[in-house]
Structures are given as C-alpha cells and as structure tokens.
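The values are calculated or read from the model by the stated rules, or taken from the named source; none is laboratory data. Keep in mind that what you see is a predicted model, and the values were worked out from it rather than measured. Note: ideal-geometry Cβ built from the backbone for every residue, glycine included; neighbour counts use all protein chains shown.
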C-alpha cells in the first residue's frame, strides 16, 4: 500500500470542542457559491447557515421539498432544488439546471447520507448506502465539474465517518451479492469510498485548482440519522446515559451539531488548508493514520480515531474511481 503522505496534523489551532462560529470567524465568502447536499437537517443545515452568514449563496438539493422549505425558512441566499442521490436522472437534471444558471461553484459539500438501513437496492440494483453515500455524490461531482473548474479555486468536501473502520472497500462484492449483508459493513464500505474518492479527486483535480477533503464530524446524536436506532442501542453505544439523556463530550466525539459541523466548515473554508488536499480530517485537524493492528471488533466506536491505511491507499483510490465510472456509466474526465 502507498498512502497519502500529507496525512498528518498541522496544528490548526482548533479542537474537538470548536464550533462553526469559531472556525468561520474572519472568513468572508461574499460572492462565493456553495452546494450542500442534505443541507436542510442536522449537520448540513448548520453548514448552510454558517456559509450563508459568511456571505455565500447556497443551493440545497433536497429529496423532501416540504421538509426543506420548513427547515430553511427565513435563511437568506438559499435556493432549494429537488434531487435524489439514488436517482441518476434527478442528479443530471439538478446539475444541468445549476450549470445553466451558474458559471462557477466554489464549495461542494457532499454531506447527505444514510446509515443503519436494511438491505435496499436502487433501480440499478446497487446497495443503498453505497448508492447514496458514494455513487450519487460521485455522479454529482462529475456533472458539476465544469463549474468547479471555473471557480479558479474550489473545494469538494466529502463527509465520511470513523465508521470507515467497519469495512474496507470490498471490490470483489461491493453490492453484497455473494456475501451476507450487515448494515454497518455496508455503511463502513461507503464511508471508506468517500475517503478514497477524496484522495483520487484531489490528485486529478488539483492542477485545475480543485482540492478535496474528507472528514469525520463526530457522533452527533441530534440528527435524523438516529431514527432507525432504538434508545436501548444508543445507551449501549454510550451516546445516551442510562436514563435516555444525550451525553455531550466533544473529546469522545459526542458533539453538538455546531461542534460536529465545524470540521465540515473548516475543511471547506480554512485558509490554512490552501494548497493542501486529499486528506481525511477530524476535530478540525488533519487526522493521524490509525496503525492499530486489531480488526476493531469489540471496541466502542467512540474510541476509534484516525484514518485506516486502506482508506488512503493510492491504488485503492484509483481502482475505486474506475469502478465508480463503470457503475454510474459516467466517464469523469478531468
């Protein structure tokens, strides 16, 4: 394996408890355009609010327009457009409309995602977590490439997770056609894909001024992603206390939404990351490489730190790019 050599901390000045207000301070995004998938709930909504306050115009592609309209009500400089990451046609329609009305895209935050779902397949037969969390964003980024390139300095942020520790990318059976489906393995594979995509996108895109970052935001219980988990499971995971109350401890990754979204915003806007890219971040810092040799079974997920070597392996990254082109039917030429 040959890993990304830039994967080491840079002493950012921020930490696990830093908030979106902290990391955006002094940054002016006036005249900049951003797209945030899943930008109408949880981390995405906080990201949208923060970018708008800094002066950016933000487009939010949404699956649930009624919910998005309600949640984004009163926020200036936000445009809602319909898009479903599991529907290739809707992605193309959204991107075509954006390109027809915008010359440049400065920030693309691929934030929307699903977790803890049963085995569901999209219309092409692809497992839903891989389809939503990676393939949809791969296609969206490819379609928006002309605008990213025209920005003369753009960033693509892929929201991953420490959940990538649960699984490498299984190239031999990415869609669980020949192995038993386990939801966290599907999730882990899709989050590893986010990181590998980031590595290869940055490698290919940096000559055009497009840099890419992936990240783990933290264990943010106050989002919609917990809707499929019983309170007993959240207590077992150490996210709720024995009485069912949310535990907040930023050092353990148990963050508020403003703390969780801060690493997204930091990756998207921090001037300290200029001329950098292709790295995985956590706690508003470039993460260390996880060199532990165990398979993480039996370990509390809140104890997982850093990025697994398989997720920043250059050969894996190039291989996933080719597979993603094949699965989406898109030639992503840069």
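Considering only residues of region 22-40 that are touching a helix residue (DSSP H, G or I) at 6+ places or on another chain (Cβ under 7 Å) and in a strand (DSSP E or B), which is farthest from residue 101 (Cα to Cα)?
36
Looking at region 66-78, which of its residues are more than 23 Å from the chain's Cα centre (by Cα) and assigned to a helix (DSSP H, G or I)?
Residues satisfying the conditions are 66, 70.
Does residue 198 satisfy the criteria of being crowded, with 20+ Cβ neighbours inside 10 Å and touching a helix residue (DSSP H, G or I) at 6+ places or on another chain (Cβ under 9 Å)?
Here the answer is yes, as residue 198 does meet what is asked.
Answer yes or no as to whether residue 43 is assigned to a loop (DSSP other than H, G, I, E, B) and either within 26 Å of residue 28 (Cβ to Cβ) or touching a residue at least 40 places away in the same chain (Cβ under 8 Å) (or both).
Criteria not met by residue 43.
Exactly one of these conditions fails for residue 81: (1) in contact (Cβ under 8 Å) with a residue 24 or more places away in the chain; (2) surrounded by 16 or more Cβ atoms within 10 Å (Cβ to Cβ); (3) not in a helix (DSSP H, G or I). Give me its number.
Only one criterion in (1) in contact (Cβ under 8 Å) with a residue 24 or more places away in the chain; (2) surrounded by 16 or more Cβ atoms within 10 Å (Cβ to Cβ); (3) not in a helix (DSSP H, G or I) is unmet by residue 81, namely (1).
Might you check whether a residue that is modelled with pLDDT of 95 or more and within 24 Å of residue 142 (Cα to Cα) occurs anywhere in region 71-79?
yes
Cβ-Cβ below 7 Å, separation at least six or inter-chain, first residue in region 320-333 and buried (at least 16 other Cβ atoms within 10 Å of the Cβ), second assigned to a loop (DSSP other than H, G, I, E, B): which pairs?
The qualifying pairs are 320/169; 325/331; 325/332; 327/126.
Within region 6-21, can one find any residue that is surrounded by fewer than 24 Cβ atoms within 10 Å (Cβ to Cβ) and assigned to a helix (DSSP H, G or I)?
yes
Counting only residues that are over 16 Å from residue 170 (Cβ atoms), in contact with a helix residue (DSSP H, G or I) (Cβ under 8 Å, 6 or more places away or on another chain) and in a loop (DSSP other than H, G, I, E, B), which one in region 297-328 is modelled with the lowest pLDDT?
Among those residues, the one meeting the criterion is 304.
Among the residues of region 228-240, is any in contact with a helix residue (DSSP H, G or I) (Cβ under 9 Å, 6 or more places away or on another chain), modelled with pLDDT of 95 or more and within 21 Å of residue 159 (Cβ to Cβ)?
Checked region 228-240: no residue is in contact with a helix residue (DSSP H, G or I) (Cβ under 9 Å, 6 or more places away or on another chain), modelled with pLDDT of 95 or more and within 21 Å of residue 159 (Cβ to Cβ).
The rows are residues; the columns are (1) within 13 Å of residue 85 (Cβ to Cβ); (2) surrounded by 21 or more Cβ atoms within 10 Å (Cβ to Cβ).
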| position | (1), (2) |
| --- | --- |
| 102 | no, no |
| 105 | no, yes |
| 111 | yes, yes |
| 119 | no, no |
| 123 | yes, no |
| 132 | yes, yes |
| 139 | yes, yes |
| 145 | no, yes |
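Please indicate, with yes or no, whether at least one residue in region 144-157 is in contact (Cβ under 8 Å) with a residue 60 or more places away in the chain and within 30 Å of residue 178 (Cβ to Cβ).
no
Only residues in region 8-37 that are on the phi > 0 side of the Ramachandran plot count as the first member; pair them with residues that are assigned to a strand (DSSP E or B), Cβ under 9 angstrom, at least 6 apart or cross-chain, and list the lot.
Sorted first by the residue in region 8-37, then by its partner, the pairs are 31/57.
Kindly establish whether residue 55 is without any contact (Cβ under 8 Å) to a residue 40 or more places away in the chain, under 29 Å from residue 99 (Cβ atoms), surrounded by fewer than 22 Cβ atoms within 10 Å (Cβ to Cβ) and over 16 Å from the mean Cα position of the chain (by Cα).
Spelling it out, residue 55 is indeed without any contact (Cβ under 8 Å) to a residue 40 or more places away in the chain, under 29 Å from residue 99 (Cβ atoms), surrounded by fewer than 22 Cβ atoms within 10 Å (Cβ to Cβ) and over 16 Å from the mean Cα position of the chain (by Cα).
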